[in-house]
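Bear in mind that the values in this text are calculations on the coordinates, not laboratory data. What you see is a predicted model; the values in this text were computed from it and never measured. Cβ atoms come from the backbone with ideal geometry, glycine included; neighbour counts cover every protein chain shown.
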Amino acid sequence: METPDCINVTRLLEAFDDNELDAVTSFAVQEHLEVCPHCRARHAWAREVRASLGRVRSTDPAAPSALHARIHRELEGWRWRRRSTQTAAAAAALIVAGLLAFQWMTRPTAANVPMEFVRNHHASLQRPDAVKFSSADVGAVEAWLREQLPFAVTIPGRPPSGYQLAGARLCEVAGNKVGYLLYSASGRPPVSLFMSRRDAYDLRDLPMIATEQEIKIRCGECDGTTVAAWDAGDITYVAAGDIADTSMLAFAHQLDSVQ
């Protein structure tokens, strides 16, 4: 079970791995990891994320001919956000004082956000009720989500070629409630589409790959799962699926929120 101590330590894991913490704080984090299996698993997961994203940096996916004119081949270098010295010092003081419970007012670190969506994607597919509201009727699904969420969502008016809307449910990603759509296809892996308030997450560390009608799409691979993200109106859309990056870009390009 996650505790306030776990939340505090999670915020320091990136700086811990990069040896940016002072000796006292580093010892406190190490001590917590030794006694907390939950945080040890998260730490191992985060390190794998960084390794996976590093592999993406060295890969330049080639777009299919149908998208060649629209997909940029430049991949931006991964930029790992660093915690400021002041934030780390403040956190260290609290940890040394006994890892007191307090709530951090920043968003999840950019390096961890894509993997949070990947984890929710796989967790959703393993659930017996992958969707709570089963329907291929776009209007009905959108109306249901608008009743459940504290913000108005706009879901794509038609599914990408070969896919069918299976339904929707609510889920939580990195502490935020988001809308979830499941798209299924015969002979192809399913794709999850998450919808959140715009700017609820920092996804700038996904490399920029394509631009369509001023919509900028970021796409990368996390632990073998492809993640694409873009903003449209007041909504941030994040798609996750075990498909190639070019296939994910084709999926995204066919959605109304991109065109």
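Out of 246, 236, 225, one residue alone is surrounded by fewer than 24 Cβ atoms within 10 Å (Cβ to Cβ), β-branched (Val, Ile, Thr) and in contact with a Lys or Arg (Cβ under 7 Å, 6 or more places away or on another chain). It is 236. Tallying residues that are of a type outside the set (A, V, I, L, M, F, W, C), surrounded by 13 or more Cβ atoms within 10 Å (Cβ to Cβ) and at positive phi within region 136-188 yields 2.
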